[in-house]
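The values are calculated or read from the model by the stated rules, or taken from the named source; none is laboratory data. A quick note: this is a predicted structure, and the numbers were derived from the prediction, not measured. Here Cβ is always computed from backbone atoms with ideal geometry, including for glycine, and neighbour counts include all displayed protein chains.
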Amino acid sequence: MESSQTSNFIAAFIVLISLSILIYLARRTIITDKYFQTGINLYQQKDFPGAEAAFRQVIAINSTNDVVHLLLGDALIQQGKVDAAIVEFQDVIKRAPKKVDAYLRLAQALMQQQKPQEAVTVLQKAQDLLQKQRRVEQAEKIQQLLQQISSASRDA
C-alpha cells in the first residue's frame, strides 16, 4: 500500500514539474513573439532604434535565433552602425554557415565600408553555397553582381 502511495506521489510530482516547464516555455514563447512582432512593426515604421531595442530583447531571451540577428543587423545598418551589423552577420555565419542571407548582408555591409575585395570574397562563398543548394538562378545573379563589382573596380 505504501509503495502505491509513493508511486502516485512520484507520478504527480513528475506531472507537476512537466506542467511547470510547459507553462514556462509557453510564456517565454509568447514574450519572445511579442518583442519580435514589435521589432518588425518598428522596422517597417522606420523606427530603427526602437526595432534594434526590440530585437535585442528577443536575443536576450533566445540568443540563437538567426533571423532576429539578421534583422538586428539590418536595423543597425539603417542607423549607420555598420561595424555592429557586421558582427551580427558574422555571428550568424559562424552558427549557420549555410545561411546565404547572412553572407549577402555581410557583403552589402562590407561594400558600405568601401571594402569591395572582402565583399567579393563573401559573395563568392554565397555563390558556392547557392550552387551546392542547387539554387542556380540566385547563383547566377550573384555572378552578375560579381562581374559588376569587378568592372567597377577596373574603372576606378
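Worth a mention:
Residue by residue, here is whether (1) under 28 Å from Ala126 (Cα atoms); (2) at pLDDT 95 or above; (3) of a type in the set (A, V, I, L, M) holds:
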position: Ser3; (1), (2), (3): no, no, no
position: Ile23; (1), (2), (3): no, no, yes
position: Tyr43; (1), (2), (3): yes, yes, no
position: Ser63; (1), (2), (3): yes, no, no
position: Leu72; (1), (2), (3): yes, yes, yes
position: Ala84; (1), (2), (3): yes, yes, yes
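- If the condition is being among the basic types (Lys, Arg) and surrounded by 14 or more Cβ atoms within 10 Å (Cβ to Cβ), then the range 38-65 contributes only Arg56.
- Checked against (1) part of a helix (DSSP H, G or I); (2) in contact with a His (Cβ under 9 Å, 6 or more places away or on another chain), Ser63 meets all criteria but (1).
- Unmet requirement for Tyr35, which otherwise passes all of (1) loosely packed, with under 15 Cβ neighbours inside 10 Å; (2) of a type outside the set (S, T, N, Q); (3) at negative phi: (1)
- Across the range 90-135, the qualifying residues are those that are within 19 Å of the chain's Cα centre (by Cα) and of a type in the set (Val, Ile, Thr), and the one among them that is farthest from Leu70 (Cα to Cα) is Val122.
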